[in-house]
1. Please report, as a whole percent, how much of the solvent-accessible surface of the chain comes from carbon and sulfur atoms (probe radius 1.4 Å).
2. Taking 41 Å as R0, compute the FRET efficiency from the Cβ-Cβ separation of Asn3 and His180 and round it to 0.05.
3. For Lys426, enumerate residues with amide H under 5 Å from its amide H, sequence gap 5+ or separate chain, H modeled in the peptide plane.
4. Residue-wise, which Karplus ³J(HN,Hα) couplings in Hz belong to region 177-182, taking 6.51 cos²θ - 1.76 cosθ + 1.60, θ = phi - 60°, and x for glycine or proline?
5. Between region 345-415 and region 173-198, how many Å separate their Cα centres?
6. What three numbers, in Å, describe the spread of the alpha carbons of the chain along their principal axes, ordered from the longest?
7. Can you work out the Karplus-derived ³J(HN,Hα) for every residue in region 130-144? Use 6.51 cos²θ - 1.76 cosθ + 1.60 with θ = phi - 60°, whole Hz, and x for glycine or proline.
8. Can you give the accessible area of Lys348 in Å² (nearest 10), computed on protein heavy atoms with a 1.4 Å probe?
Amino acid sequence: MNNSIQVISKFALDEKTAKRAQELQACALAAKQTLESGSGLGNDFLGWLHLPSSISDDDLRDINASAAQLRSECEYVISIGIGGSYLGGKAVIEALSDHFAAYKKADGPKVLFAGSNIGEDYLYDMMDLVRGHRFGIIVISKSGTTTEPGIAFRIFKDMLEKQEGKEFAQRNIIAITDAHRGALRDLATQEGYATYVIPDNVGGRFSVLTPVGLLPIAVAGFDIRALVAGAVEMEQGGDEQVLNYAITRNALYQQGKKIEVLANFAPRLHFMAEWWKQLYGESEGKGHKGIFPASVDFTTDLHSMGQMIQDGERTLFETVLSVGDQQHEVIIPSDDKDLDGLNYIAGKNVDYVNKMAELGTRLAHVDGGVPNLIITIPALTERYIGQLIYFFEKACGVSGYMLGVNPFDQPGVEAYKKNMFALLNKPGYEEASAAIQAKLKN
Ligand code: PA5
């Protein structure tokens, strides 16, 4: 497949790992077959598998129309959600945006994100920012009962209704939730908000190509048609890349490489790594197994985490997101005095230096015992980001089955919620509350 993201695994494979990778071929093909036939664990959550090719023109037109409504009336749009109801949209918007968009004038609203933490000052500062400005809200929660977005929505809904009136709020609040169940569905019905559905068979972390991600991305002014088209390309022709990645990372894991560090050399990709961490962490970390997903932004983190990666415990491998073309060129100027000694790179563009840093880093890390996988991305455009999303999703499903876990549930995330509700004296948690109080006394 030309003009597409590619996985290069040769720097990750010493003799032993290469042999293990060879042996894992059959296991990977079986895992892919299990995924595609829907015969594995969590098979009621496979709606994402053929999602890109099933998105119709009408679906996209409808989402673009809702985005146009918000863009026409609002200076800010607050996208409220957490986890899978947050990270995909945030990641794509960041990957495609001007780095300083927040400080520049634009011809559409600025997209803000709330409900992904319980930071009081964070919410205060956002309220301060939007006070006196017309804003809209996209509230996203599949369950419709998650605490963090619930609090944020209650606050901003109240503020918007008081500030702009009920009618404006009704026009400019869009809810994305379950088709039938949950508090948000009931509230949206009662208030008469426009709604989109998160399909039952698509879990949060696999939902970026549903309205969950597509609506905020469209509001930010990006081409969701091209994004989906890129994902379709991977859905229809990306299996070789998927298998290569899934096999290599499992072979490395079995050689004692328990941590995968996703490294980028493009500041725009910081949140793609955050999205990836949720996708792989929540999918694979089960039964006391799983590759721990970590991430670094290079060259920034070479001056902090670089030492640990080069020389710390040898339990890491690294996957480098390697971007081809930059959108702009900046040439390093010559200087008569050359006091900083940089004239040797005068006349070169900055990305040339970055690429040499990338190559130098990869070589150093391989020499230091950190195998390298490379995922090349031709450029940061909607199309290639769409490819990357689907590629990571499918590889995650295959990889999870290879590992022997259910990649589509997340029972472990309930533990903190139970304690938090008990500590907050939520009705129904009296027993848990008493148990915690007893524990805290000891
Ligand atoms: O991937 C997941 O399932 C989670 O990260 C959820 O998306 C997250 O907990 C938010 O849940 P909800 O959309 O129900 O508010």
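The values are calculated or read from the model by the stated rules, or taken from the named source; none is laboratory data. Everything quoted here is computed from the prediction, not taken from an experiment. Every residue, glycine among them, receives a Cβ derived from its backbone with ideal geometry; neighbour counts consider all protein chains shown. SASA here: full protein model, heavy atoms, side chains in, ligands and nucleic acids out. Shrake-Rupley method; radii C 1.70, N 1.55, O 1.52, S 1.80 Å.
1. Values: 11000 of 20760 Å².
Percent of accessible area from carbon and sulfur atoms in the chain: 53.
2. On the way: r = 41 Å, r/R0 = 1.01.
Calculated transfer efficiency: 0.50.
3. Excluding prolines and chain starts, which carry no amide H, there are no hits.
4. 7, 4, 5, 10, 9, x
5. Going from one Cα centre to the other spans 35 Å.
6. Here the spans come out as 62, 59, 55 Å, largest first.
7. In residue order, the calculated couplings are 8, 4, x, 10, 7, 10, x, 9, 10, 10, 10, 7, 5, 6, x Hz.
8. 80
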